[in-house]
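Notes to accompany the following structure.
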Amino acid sequence: METYAQRNLLFANRLRESGEPVTEEVGASSGPGLARLAVSRGASWADYDNDGDVDILVTSLDSAPSLLVNQAAMALPALRLTLVGRISNRSAYGARVRVSSGGISQVVEIRHSDGYLGSNDTRALIFRPAGHADSIEITWPSGATTVLTDIGPGHILVDEIRGLSAASPPR
């Protein structure tokens, strides 16, 4: 019989390794933060420590939230992308970002939440197999499009009107 409080689950996408859309539950081997029994209600995703990977804040009923800091070695170089809307909404909610790297395309939609009573990082965190982005195409909520080419790892800020406004190397 299961208890009301349970361990949180963490799934790894194994598409890259297997070529099939398969996920594997890896929470039991992912550290003490995921061994905690709680009545969790929500999770927010962000790069809380600005080190280029995703960390998770889990909220639970009748207890303090848990910050699960990702300390795993980086498998792929990351690009953190901050968008600033001018014609569109300032946070660029609803913008679609297509990143092509090493023959693989990824699409990310900028949104602030996808769970219960939480808000995610609005900066897109993209991992690139080739180490750099061959191209980045941003479709803003206004319908405008910005295209950037040959972008390395680190952090970039893109303005809807001015285009690439700032870039910094990875920390």
Next item on the list: Quickly run through the stretch 17-55 and pick out the residues that are part of a helix (DSSP H, G or I) and loosely packed, with under 12 Cβ neighbours inside 10 Å.
Entry: Glu17, Ser18, Ala28, Ser29, Pro32
Check: Would the stretch 109-118 turn up any residue that is assigned to a strand (DSSP E or B) and assigned by TED's automatic domain parsing to the domain that holds Leu83?
Finding: yes
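Restricting to the stretch 40-49, what's the tally of residues that are of a type outside the set (Asp, Glu) and closer than 12 Å to Ala124 by Cα? Reasoning before the result, please.
Our first condition is that a residue be of a type outside the set (Asp, Glu); within the stretch 40-49, this holds for 40-46, 48.
Pick out the ones that are also closer than 12 Å to Ala124 by Cα and you get 45-46.
Qualifying residue count, the stretch 40-49: 2.
Here are some residues: Thr149, Thr145, Thr122. Which one is β-branched (Val, Ile, Thr) and surrounded by 15 or more Cβ atoms within 10 Å (Cβ to Cβ)? Don't jump to the end; show me each part of the working.
Working: Thr149 fails: surrounded by 15 or more Cβ atoms within 10 Å (Cβ to Cβ); Thr145 fails: surrounded by 15 or more Cβ atoms within 10 Å (Cβ to Cβ).
Among Thr149, Thr145, Thr122, only Thr122 is β-branched (Val, Ile, Thr) and surrounded by 15 or more Cβ atoms within 10 Å (Cβ to Cβ).
Considering every residue within the stretch 34-53, establish whether at least one is touching a helix residue (DSSP H, G or I) at 6+ places or on another chain (Cβ under 8 Å), of a type in the set (Val, Ile, Thr) and over 30 Å from Pro141 (Cα atoms).
Going residue by residue through the stretch 34-53, those that are touching a helix residue (DSSP H, G or I) at 6+ places or on another chain (Cβ under 8 Å) are 34-35.
Next cut, of a type in the set (Val, Ile, Thr) only: none.
No - not one qualifying residue is present in the stretch 34-53.
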Next item on the list: Taking the residues in the stretch 54-106 that are farther than 25 Å from Gly42 by Cβ and of a type in the set (Val, Ile, Thr) as candidates, determine which candidate is modelled with the lowest pLDDT.
Entry: Ile104
Check: Got a number for residues in the stretch 71-108 being in a loop (DSSP other than H, G, I, E, B), crowded, with 18+ Cβ neighbours inside 10 Å and either of a type outside the set (A, V, I, L, M, F, W, C) or free of Cβ contacts under 8 Å to residues at least 12 places away in the same chain (or both)?
Finding: 3
Check: Going by the conditions given, is Leu117 over 28 Å from Ser165 (Cα atoms), more than 14 Å from the chain's Cα centre (by Cα) and in contact (Cβ under 8 Å) with a residue 60 or more places away in the chain?
Finding: yes
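The values are calculated or read from the model by the stated rules, or taken from the named source; none is laboratory data. Small disclaimer: the values here were computed from a predicted structure and weren't measured. Note: ideal-geometry Cβ built from the backbone for every residue, glycine included; neighbour counts use all protein chains shown.
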